[in-house]
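Accompanying notes for the structure given below.
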Amino acid sequence: MNTTPRTNRMAKLFGLTDDRLLQFTDTTNTTPDSKMLTSLRRSASQLFYSPPAVHQTSAVAHLGKRRQFVLALDGPGILQDPWAYPLSWSSTNVIAVACGHDVYYQNLDTRQIAHLCNLPRPSLGRIRTLAFAPVGPSAAFGTTTGSIQVWDAASRRRVRSWPNTDWMSVSVLAWRPCSRLFTIGKADGQLALLDVRAPDEVHKFRGHRGGVYGMQWSHDERFMVSADAHGTVHLWDARNMSARVGKMKHDSPVKVGETIQVRPCDLQLTNCLLWPCNNKQAVAWCPWKPDLLATGGTYPDGRIHIWSTSLLASTLSPDPVETIQTHSSVYSLQWSPHARELLSTHGFAWHPRERLPEVPEPAASPYTNSISVHAFPGRRRLVSVTAHTGTVSQRCLSPDGTMVFTICYREEAMKMWKVWGRREGAGKKESAFDKFSIR
C-alpha cells in the first residue's frame, strides 16, 4: 500500500510520521535487531559460563601469571655446547655451575658463593657434565678428555677420581637414586657404572653406535634409560646392566654429523649457533607414575614421546602412549612432582612441512627459546614463556619441586623460575596402623 500526500499531512499533524503503522515493511530481520539479539544471547551465555578452575599446583597459576624469572646468575666460561650439562641443583638447596675448568656453587638459603674446585692441568680438559648426588653434598663431574671426579661440596675436598684411560669425552652423567652409584655415557657410545667407594669401574658395557647425550634412572630404580645422537633410546634393567629390555626410536632422516649453515633470516635466531643435525634426545622419568618415560628430539624430529614400560612385556619396541608435536628442538624435559604436567625447554623452531630441508630454516614460534608446560594426558600446551635469547639447553628442579633453573650457553646466564606450587596439606595421610600397634 502506498500512502497519499494527504495521509502524510494528517500523520504529520497528529505526530504519527515515524509510527510503524504507516511503514508497511517487515523489520523483524533487520541488521540492528539481529545484532541486538546476538548481544543478548552472548550476555545470557556469559551469565551461565563458569571458567575452568586453575589448580593451585598448576603452572598456569604460577608461571602463566608471573611470566618472569625470580633470580638471574652469571655463568662465565661455560662450555659452548647445547648438549653439555654444566648445571646442577642439590637436595640441600645449593646450585652449582661448571665454568670451564672451575666449579662454583651458591647456597640459595644464605646467598653465599664459594669455589668448589679447579682442574689445574689442560690434559684434564673442561668440565662437560656436572651432577649432585640425590642425597648429600657429593657432586660428580666428567670432562671433555674423559676424566671423572667426585667432590664433597660441604668440606670442599675431592673424594674420588678416575683417570682418562681412553681420552674419550664424558657426555652425560646420572646418579642412581638413594645410592653411591652413578652411570656415565661417552661420546663413542660406551656406558659405565661407577661406585664412589671403588677405585675402578664397576661395570662397563656398550649399547649405542653414537654418542650418548641423555641418561636418567627411574625413580623406582628398576630401569636406566640412555639416548644417543641417532635418536635411539635404550632401556636397561637395573639388575643386569648388560641386559637391554627395551628400545625406542625417534625419526631422524637427516644424516648424523651434517654441518648446518644458517640462511639469512629476519629473525634474531640467525645470530645463534646451530649444531649438527643429530637427532639427540632429552629424557625424563615420571615421579608419580614410575612406568612413564618422556623423550624429546631435536631437528628434524621436534616431538615429545611419552612411553610406558608396562608395554615392554608384549614387545621390546612399544609405540608411544602420547605424542606432542612442537616443531622445535627439545633439549630437556622435566615432570612436575605436584601436578600432572610436563615441562620442556626448546631452541629454534621451524615451519611444519611434509619434507623438511637439510638446512634448518628458523621460524617464529611460541616454542622458540622457551620453557613450555604441557598437560598430561591431553597433550595441551598450558603456557610458554621465552626464557632466554638463545637455546635453553638445560633445566634443574629445586628440592621442593616448585622452582626450575634454566641455562643458556649463548648468554652464559642462568635463570630461576617459579613454575609450580605445592599442594596444601600434602603430607602423609594418617592410617589406622599409625594409631594402633599390633601385638
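Mind giving me the FRET efficiency for Leu311 and Cys178? R0 is 25 Å, r the Cβ-Cβ distance, nearest 0.05 is fine. Write out the running numbers ahead of the final one.
Values: r = 27 Å, r/R0 = 1.06.
FRET efficiency, Leu311 to Cys178: 0.40.
Do any chymotrypsin sites (Phe, Trp or Tyr not before Pro) in region 279-374 lie in a DSSP loop with no more than 12 other beta carbon atoms within 10 Å, and if so, which? Walk me through the numbers before you get to the answer.
Values: sites: Trp285, Trp288, Trp307, Tyr331, Trp335, Phe348, Trp350, Tyr367; in loops: Trp288, Tyr367.
Loop-located and lightly packed - Trp288.
So if R0 is 22 Å, what FRET efficiency would Asp195 and Trp167 give, r being the distance between their Cβ atoms, rounded to the nearest 0.05?
0.45
I'd like the accessible area for Thr402: 1.4 Å probe, protein heavy atoms, all chains in place, Å² to the nearest 10.
Counting only protein heavy atoms, the figure is 0 Å².
In Å², what does the accessible area per residue of region 53-208 work out to with a 1.4 Å probe? It would help to have the intermediate numbers written out before the result.
Numbers: 6790 Å² over 156 residues.
That works out to 44 Å² for each residue.
For a 23 Å ceiling on Cα separation, which of these pairs sit above it: Lys247/Lys415; Lys186/Lys289; Lys12/Lys35; Lys186/Lys247; Lys247/Lys289? Could the numbers behind the result be given before it?
Working: Lys247/Lys415 35 Å; Lys186/Lys289 29 Å; Lys12/Lys35 31 Å; Lys186/Lys247 19 Å; Lys247/Lys289 20 Å.
In this structure, Lys247/Lys415; Lys186/Lys289; Lys12/Lys35 lie more than 23 Å apart at Cα.
Which FRET efficiency value, to the nearest 0.05, do you get for Lys249 and Ser155 by plugging their Cβ-Cβ distance into 1/(1 + (r/R0)^6) with R0 = 60 Å?
Working: r = 45 Å, r/R0 = 0.74.
Here the calculated transfer efficiency is 0.85.
Sort Ile306, Ile113 by accessible area with a 1.4 Å probe, largest first. It would help to have the intermediate numbers written out before the result.
Working: Ile306 0, Ile113 115 Å².
Sorted descending by solvent-accessible area, the residues read Ile113, Ile306.
In terms of modelled amide H atoms, which long-range or inter-chain residues lie less than 5 Å from the amide H of Arg410?
Thr391
The values are calculated or read from the model by the stated rules, or taken from the named source; none is laboratory data. The model shown is predicted, which means the values in this text are computed figures rather than measured ones. We place every Cβ from the backbone using ideal geometry, glycine too, and count neighbours over all the protein chains shown. All accessible areas refer to the heavy atoms of the entire protein, side chains included, with ligands and DNA or RNA removed. Shrake-Rupley method; radii C 1.70, N 1.55, O 1.52, S 1.80 Å.
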